[in-house]
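A.B. asks: Supplied in structure tokens, the structure appears directly below.
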Amino acid sequence: MISRLEIQETNQMIEESNLDVRTITMGVSLLDCAGPDAGEFNRKIYDKITRTAEHLVKTGDDISRQYGLPIVNKRVAVTPVALAAAGLLSGLSDTEDGLSRASEMYAEIARTLDRAASAVGVNFIGGYSALVQKGSTFSDRALIRSIPRALAGTERVCSCVNAGSTRSGLNMNAVRRMGRVILEMAELTKDRDALACAKFVVFCNAVEDNPFMAGAFHGAGERDAVINVGVSGPGVVKRALEQVRGADFETLCETIKKTAFKITRAGQLVAQEASKRLRVPFGIIDLSLAPTPAVGDSIAEILREMGLEQPGAPGTTAAVAILNDNVKKGGVMASSYVGGLSGAFIPVSEDHGMIEAARLGALTLEKLEAMTCVCSVGLDMVAVPGDTSAETLSGIIADEMAIGMINNKTTAVRIIPVPGKTVGDTAEFGGLLGRAPVMPVNSFGCGGFISRGGRIPPPIHSFRN
Amino acid sequence: MKGIITVLGADQVGIIAKVCAFLAGRGVNILDISQTIVRGYFSMLMIVDMSGQAFEDIAEGLDGLGRAIGVLIKLQHEDIFTTMHRI
């Protein structure tokens, strides 16, 4: 029989420490919608998404009520559009005119995805994406060209581009292009502090079953539809660590592991129940500690509880490594299938403690980059001055991609050059996306490096066969 | 299927009676009750048999009852607790 203390512990986690399931994300394959006619394709993808995810939001809400556990987001991820829609371009030639017409067609697909997301009531839909780690097809180039207008013109569509992998190396043509794409979408949404950039991620080693936005897409190796769940609970870890203040590292690690186990079990329960009720197979649990701007739901608070004055202080990378590793060790035993990104997220704008550390100058871009060597996922929701050049953005992306490629891990960049703003200003995105102090960027140039073009070959340790 | 009911709020006469009467009126069998006063606050845990019951209706009814008498009443499926605390 379950004890009073255990019941109280769970309910305290929910009520006082913001324990929640961060997202139930339904992956939906669009491969069977492919065909040469754009109107037909748009109709098919709208029908498939709204049919498959029709009950997603209600089911999530019902499960939330049954267990008394908040399920914050319900989302949909689809097959990368550059794959699913490639057939539409068969009549177009690979010329400037063809590319322009193709990107018009893709922007229309983004609007269809937006309408479908709105119809089923999800707040984001991911998968307006291209996988170009080794090279890009005509379809990939058309999609990438359309990203700024697609994201500026829609509310719920998220996009990512995989520009590198440990097996393929880094596609530096794509990395160079990304800097310009980011600046273009910043300009198109300058009245909203470059909000479109918050819906776009560049990846190295992107995963096919990530339930978190903005980088979620439904991989080509996945089944027709799948339920992936992202757990959360930085507040719960912080509260648990308060009980072992000053204790040695073994005690610290044990405490994180035990807490992560409990958090993940709650996620596993929700995932299995959602899968059963929706009659859609369960995919994975993503063991990520994802903060929100709320006080008591912060990774920075955990780092401070571990003994750092501010995130960014010497010792921060070690603290993040401990946190990330022990969340995984506790979590893997709690779930039959762990996947996605699985790590501690450090999005600056979505964590009030990180915002404070950045504002104080304790947390810099360079320190964030070091932290991403030991945790998921990368430079996330970082605001930089609006006059940052495309080459510099590409250079920052290249550095982050190199960390992922060499260390055989996923890394990502979600960076926001805020038009008209500079160091000392704050960008406001609202809601879960929060607010970000504009951080200084190294002002020395990298144009000669970025403009070389081509592909950085994969590292020696990628040859494992 | 078992449900866990937690009741929390300022102590007053008749909380247990009202909750029990509500459950009896809907044919919900109470399997276990424990109740205590923590720093002046009434705190009660009940384990109830929810087999054949409409979970949503009972949960909503309890929520409404809690608001009427000024305490917080929550019904949760027991699996959330067993999953988190038992291997």
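What follows draws every value from the coordinates through simple rules; no lab data is involved. Predicted, not measured: the structure shown is a model, and the values here were computed from it. Using ideal geometry, Cβ is built from the backbone for each residue, glycine included, and neighbour counts are taken over all protein chains shown.
A.B. asks: What number in nm² do you get for the stretch A:294-384 if you take the convex hull of its Cα atoms and divide its surface by four?
C.D. replies: For the stretch A:294-384, averaging the hull's shadow over all directions gives 5.9 nm².
A.B. asks: On full extension of the chain, what length is gained from A:Thr50 through A:Ala370, given 0.36 nm per residue of separation minus the C-alpha to C-alpha distance?
C.D. replies: That pair, A:Thr50 and A:Ala370, stretches by 111.1 nm at full extension.
A.B. asks: Under 13 Å from the Cα of A:Lys262, which aspartates and glutamates turn up, not counting those fewer than eight places away in the same chain?
C.D. replies: Of all the aspartates and glutamates, those that pass the test against A:Lys262 - Cα under 13 Å, at least 8 places apart if same chain - are A:Glu6, A:Glu9, A:Asp20, A:Glu254, B:Asp79.
A.B. asks: Take the stretch A:70-229, drop everything but the C-alpha atoms, weight them equally and run the Debye formula without solvent; then report log10 I(q)/I(0) at 0.08 Å⁻¹ to two decimals.
C.D. replies: These q points yield log10 I(q)/I(0) values of -0.21.
A.B. asks: Also: In a shell of Cβ-Cβ distance under 11 Å around A:Gly126, excluding A:Gly126 itself, what net charge do Lys and Arg (+1) and Asp and Glu (-1) give?
C.D. replies: Here the count lands on +3.
A.B. asks: Mind checking Rg over Rh on the stretch A:232-454, alpha carbons, Kirkwood formula for Rh?
C.D. replies: Expressed as Rg/Rh, it is 1.00.
A.B. asks: Which of the lysines could a cross-linker span from A:Lys48 if the Cα-Cα distance has to be under 24 Å and same-chain partners fewer than 8 positions apart are dropped?
C.D. replies: By straight Cα distance, A:Lys48 reaches A:Lys58, A:Lys74, A:Lys199, A:Lys276.
A.B. asks: How do A:Thr23, A:Thr316, A:Thr50, A:Thr189 line up, fewest other C-beta atoms within 10 Å first?
C.D. replies: Lowest to highest Cβ neighbour count: A:Thr50, A:Thr189, A:Thr316, A:Thr23.
A.B. asks: Now, a different point. Among A:Cys160, A:Cys204, rank each residue by its count of other Cβ atoms within 10 Å, from fewest to most, as a rough exposure measure.
C.D. replies: In increasing order of surrounding Cβ atoms, one gets A:Cys160, A:Cys204.
A.B. asks: While we're here: Which residues does the label zone of A:Asp61 cover in the stretch A:268-295, counting backbone N under 18 Å from a point 7 Å along Cα→Cβ?
C.D. replies: A:274, A:277-278
A.B. asks: Remind me, relative contact order of chain A in percent, using alpha carbon pairs under 8 angstrom and six or more residues apart?
C.D. replies: 17
A.B. asks: Would you please put A:5-14, A:173-182, A:427-436, A:262-271 in order of how densely packed they are, using the mean number of other Cβ atoms within 10 angstrom per residue and starting with the highest?
C.D. replies: Ranking, from highest mean packing down: A:262-271, A:173-182, A:427-436, A:5-14.
A.B. asks: Tell me, how many Å apart are the Cα centres for the stretch A:394-465 and for the stretch A:243-318?
C.D. replies: Cα centroid to Cα centroid, the span is 25 Å.
A.B. asks: At most 10 other Cβ atoms within 10 Å plus a DSSP loop assignment makes a site exposed; report the longest stretch of chain B without any exposed trypsin sites (Lys or Arg not before Pro).
C.D. replies: Between the exposed loop sites, the longest stretch runs B:40-85.
A.B. asks: State log₁₀ I(q)/I(0) for chain A at q = 0.08, 0.12 Å⁻¹ as given by the Debye formula over alpha-carbon point scatterers of equal weight, solvent excluded.
C.D. replies: Computed log10 I(q)/I(0) values: -0.43, -1.00.
A.B. asks: I would also like to ask the following. Based on the alpha carbons, how large is the Rg to Rh ratio for chain B when Rh follows Kirkwood?
C.D. replies: When Rh is taken as the Kirkwood radius, the ratio is 0.96.
A.B. asks: What is the Cα convex hull volume of the stretch A:185-266 when expressed per residue in Å³?
C.D. replies: Given the Cα convex hull of the stretch A:185-266, per-residue volume reads 188 Å³.
A.B. asks: With label points built 7 Å along Cα→Cβ from the Cα atoms of A:Asp97 and A:Glu242, find their separation and express it in nm.
C.D. replies: 6.8
A.B. asks: Bins of 5 Å, beginning at zero and ending with the bin holding the largest distance: percent of Cα pairs per bin for the stretch A:9-92, please.
C.D. replies: Cα pair-distance distribution for the stretch A:9-92, in percent: 3, 14, 19, 15, 12, 10, 9, 7, 5, 4, 2, 1, 0.
A.B. asks: How much FRET efficiency would the formula 1/(1 + (r/R0)^6) give for A:Asp32 and A:Asn408, where r is the Cβ-Cβ distance and R0 is 30 Å, rounded to 0.05?
C.D. replies: After rounding to 0.05, the efficiency reads 0.35.
A.B. asks: Could I ask something else about it? Remind me, relative contact order of chain B in percent, using alpha carbon pairs under 8 angstrom and six or more residues apart?
C.D. replies: The normalised contact order for chain B reaches 43 percent.
A.B. asks: Moving on to the next point. Check cross-link reach from A:Lys134 to the aspartates and glutamates: straight Cα distance under 15 Å, and skip same-chain residues fewer than eight apart.
C.D. replies: Straight-distance partners of A:Lys134: none at all.
A.B. asks: While we're here: Given contacts defined as C-alpha pairs under 8 Å and at least six residues apart, what's the relative contact order of the stretch A:232-454, whole-number percent?
C.D. replies: 20
A.B. asks: Here is a further query. Using a Förster distance of 56 Å, how high is the FRET efficiency between B:Ser34 and A:Phe444, based on the Cβ-Cβ distance and rounded to 0.05?
C.D. replies: About 0.25, to the nearest 0.05.
A.B. asks: Now for a different question. Once you have the alpha carbon radius of gyration of the stretch A:374-416, what is it after dividing by 2.2 N^0.38 Å, with N set to its residue count?
C.D. replies: Relative to the 2.2 N^0.38 Å estimate, the stretch A:374-416 comes out at 1.17.
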